[in-house]
1. Which of the strands (runs of 3 or more DSSP E) found entirely inside region 113-175 contain at least 2 residues meeting this: free of Cβ contacts under 8 Å to residues at least 40 places away in the same chain and open to solvent by 70 Å² or more (accessible area, probe 1.4 Å)?
2. Restricting region 15-46 to residues that are free of Cβ contacts under 8 Å to residues at least 24 places away in the same chain and not in a helix (DSSP H, G or I), which is most open to solvent (accessible area, probe 1.4 Å)?
3. Given the criterion more than 15 Å from the chain's Cα centre (by Cα) and closer than 22 Å to A112 by Cα, identify the matching residue among W40, W30, W65.
4. Examine region 47-54 for a residue that is open to solvent by less than 40 Å² (accessible area, probe 1.4 Å) and either closer than 16 Å to I5 by Cα or touching a residue at least 12 places away in the same chain (Cβ under 8 Å) (or both), and state whether such a residue exists.
5. Would you mind telling me which numbered condition in (1) farther than 18 Å from R108 by Cβ; (2) free of Cβ contacts under 8 Å to residues at least 40 places away in the same chain G12 fails?
Amino acid sequence: MPDSIPLTIRSGGLDDVAAVLALMDQATEWLVSIGREDQWGSEPHSTNPKRIAQIEGFARGGGLWIAERDAAVVGALSVGEALPYVPPAEEPELYVQLLISDRSTSGRGAGAALLARARELALAQGVALIRLDCFAGGEGALVRYYEKQGFTRGDTFSVEQPGREWPGQILTRRW
């Protein structure tokens, strides 16, 4: 259900890295609380040098977008090059590298609004394809979210993790 307080989306930068990491920490806490450590692990992203560097790279790359409601960060989107573990596209694309929203405001439209911004960016670039990847485990809950947002399942893949494989799903949307 959309919130009555307006949502604004602005370009993000290095000053937003801590807020994005806080959203990721919050999501990880929630995932752990429902028994889904297999998605992002159980450790905070805000203390992981590799994750910090990744989010800083998204900010430096110019593809970070921040959703705010009443001056509070409620979501983040990063678009750019496909991540290294993803098979390359066969045509020009806009790749969603990260989409995260505030768990406490879940269902209030921040994720959908950020995906709409990705669509605007793709159209402005003359690109007809948006791709993203997500966790394919957890009974497919995240995959179903993206399908509700108009994305279609593509290839599956896996990423080797210590002691396990991380199941991934590519999703696409055309304009």
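The values are calculated or read from the model by the stated rules, or taken from the named source; none is laboratory data. Predicted model only: the values in this text are computed from it and were never measured. Here the Cβ positions follow ideal geometry from the backbone for every residue, glycine too, while neighbour counts run over all protein chains shown. Protein only, heavy atoms only, side chains kept; ligands, DNA and RNA dropped before computing areas. Shrake-Rupley method; radii C 1.70, N 1.55, O 1.52, S 1.80 Å.
1. Details: elements: 129-135, 152-161, 164-174.
So the answer is 152-161.
2. Within region 15-46, the match that is most open to solvent (accessible area, probe 1.4 Å) is E43.
3. One residue alone meets the criteria, W30.
4. Of region 47-54, the ones open to solvent by less than 40 Å² (accessible area, probe 1.4 Å) are none.
The answer is no, given that none of the residues of region 47-54 is open to solvent by less than 40 Å² (accessible area, probe 1.4 Å) and either closer than 16 Å to I5 by Cα or touching a residue at least 12 places away in the same chain (Cβ under 8 Å) (or both).
5. Condition not satisfied by G12: (2).
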